Amino acid sequence: MLHAIVHPADIQDRDGGIVLLATLFGMYPFLKKLFADGGYQGPDFQKALAKILPHLTTEIVKWPVPGSVDTRLS
C-alpha cells in the first residue's frame, strides 16, 4: 500500500478514489499505470482521472486473474 484516505461511508469508492489518486500521484509522480478492479470502470471515473492525471493509464483487472487463486468468499 502506498497511500490511504478514510472518507465517510456515503462516498462511493470510485469518487473517493479520485481524491486519493490526486494526492498519491503528487507524492509519486513517476507512477504511470493504475491497476483497478471493476468498481473503478465507467465514464465518470475515467473523465475525472483524465482531468487530474492525464499522463496516467488505467487497466481494469478482471477477477480472477489467470493463474491466480481466487480468495473471494462466495
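The values are calculated or read from the model by the stated rules, or taken from the named source; none is laboratory data. Here the structure is a predicted model, which means the values were calculated and not measured. We place every Cβ from the backbone using ideal geometry, glycine too, and count neighbours over all the protein chains shown.
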Is it true that Ile5 is part of a loop (DSSP other than H, G, I, E, B), free of Cβ contacts under 8 Å to residues at least 40 places away in the same chain, within 13 Å of the chain's Cα centre (by Cα) and surrounded by fewer than 14 Cβ atoms within 10 Å (Cβ to Cβ)? yes
Is it true that Ile18 is surrounded by 11 or more Cβ atoms within 10 Å (Cβ to Cβ), touching a Phe, Trp or Tyr at 6+ places or on another chain (Cβ under 9 Å) and of a type in the set (A, V, I, L, M)? yes
Mind checking which pairs have a first residue in the stretch 33-45 that is more than 12 Å from Ile18 (Cβ to Cβ) and a second that is loosely packed, with under 11 Cβ neighbours inside 10 Å and not hydroxyl-bearing (Ser, Thr, Tyr), Cβ under 6 Å, 6 or more apart or different chains? Phe35/Glu59
Residue that is farthest from the chain's Cα centre (by Cα), among those in the stretch 16-43 that are among the small types (Gly, Ala, Ser) and part of a helix (DSSP H, G or I): Gly26
Among the residues of the stretch 24-36, the number that are loosely packed, with under 12 Cβ neighbours inside 10 Å and at pLDDT below 85 is 4
